[in-house]
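Student: Before I ask anything, let me first share the structure, which is written out below as structure tokens.
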Amino acid sequence: MYSAVWLLICFLSFAGVYLSLSAPFLAAIHVLVYTGAILVLFVFVIMLLNLRDEELGEEYPAGTRFLAAGGCTALFTLIAVPIYEAHLPGMPPLPEDGHFGSIESVGNLLFTVYGLPFELVSVLIIVAMFGALVLAKKKLWGPA
Amino acid sequence: MTEYLLLSAAIFAIGAYGVIARRNLLIVLMSLELMLNGVNIALVAFSRGRVDADPTGQVFVLMVMAVAAAEVAVGLAIVIALFRTRRTLDTNDLHQLNG
């Protein structure tokens, strides 16, 4: 599946965008989580299923896809036109201490102001982990 | 600022196209990731655009990433379970819940 490789390139360039927005910690986490975990999971599932062409099924006919493309272009214009018309100011200068976006500044917020959401994320991940295990298991009850 | 928001909107629209127009369940999940990433870029751009240099937006992005990771784990588990029982990943063949 070539799409997984292109998704990898996409994710790496998103990390570059984060770096250009002076969020180095986020760029590192992005590379770790997306290319390190999510994409590996995708590639693993693609290899595990080992799909043949006839199992993939037909894609929509070209007319339907053009319609969807038109709708999404309309969606993009709907978002983009107000952004253009807002005449947003350029980026303000960074503070002198160079802490913006560092592990220190993000971690400070994460453990003080957003402590409760941070802990709740662990609950979410535990639930997702058990859910994935239960869903992917071959037989839940009885002899395997 | 404008460029980053336009990039974010474009990525969101491309992801939406993938979700709507493709029928392969794996591609739909990948496009969902793309949509989440588009929103993340907007959040980081707004966080950078603040005059008081408050990285709260980056904390939000971390939360979104955690939710995306959980979503993709459960989604791929569903894909595996579906493929095991139905031998297909075509979203139009999976209409048992249509009622």
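Student: May I ask you to verify whether A:Leu41 is open to solvent by 60 Å² or more (accessible area, probe 1.4 Å), at the interface with chain B (Cβ under 7 Å from one of its Cβ atoms) and assigned to a loop (DSSP other than H, G, I, E, B)?
Tutor: On the way: open to solvent by 60 Å² or more (accessible area, probe 1.4 Å): yes; at the interface with chain B (Cβ under 7 Å from one of its Cβ atoms): yes; assigned to a loop (DSSP other than H, G, I, E, B): no.
So A:Leu41 fails the test.
Student: Okay, moving on. For region A:21-33, how many residues are open to solvent by 60 Å² or more (accessible area, probe 1.4 Å) and either at pLDDT 90 or above or at positive phi (or both)? Can you show your working first?
Tutor: Initially, region A:21-33 is screened for residues open to solvent by 60 Å² or more (accessible area, probe 1.4 Å), giving A:24, A:32.
Within this subset, residues satisfying the condition of being either at pLDDT 90 or above or at positive phi (or both) are A:32.
Residues that pass the stated criteria total 1.
Student: Right, here's the next one. For region B:60-89, what are the residues that are touching a residue at least 24 places away in the same chain (Cβ under 8 Å) and among the basic types (Lys, Arg)?
Tutor: none
Student: I'm trying to understand the selection: among the residues of region B:12-39, which are within 8 Å of chain A (Cβ to nearest Cβ) and farther than 16 Å from B:Val72 by Cα? Reasoning before the result, please.
Tutor: Taking region B:12-39 and keeping what is within 8 Å of chain A (Cβ to nearest Cβ), we get B:12-14, B:16-17, B:20-24, B:26-27, B:29-30, B:33-34, B:37.
The answer is B:Phe12, B:Ala13, B:Ile14, B:Ala16, B:Tyr17, B:Ile20, B:Ala21, B:Arg22, B:Arg23.
Student: Would you point out the residue of region B:51-88, among those that are more than 7 Å from every other protein chain (Cβ to nearest Cβ) and not in a helix (DSSP H, G or I), that is least open to solvent (accessible area, probe 1.4 Å)?
Tutor: Once the filter is applied, the top-ranked residue is B:Asp54.
The values are calculated or read from the model by the stated rules, or taken from the named source; none is laboratory data. Everything quoted here is computed from the prediction, not taken from an experiment. FYI the Cβ positions are ideal-geometry reconstructions off the backbone, even for glycines, and counts take in every protein chain you see. Heavy atoms of the whole protein, side chains included, go into the accessibility calculation; ligands, DNA and RNA do not. Shrake-Rupley method; radii C 1.70, N 1.55, O 1.52, S 1.80 Å.
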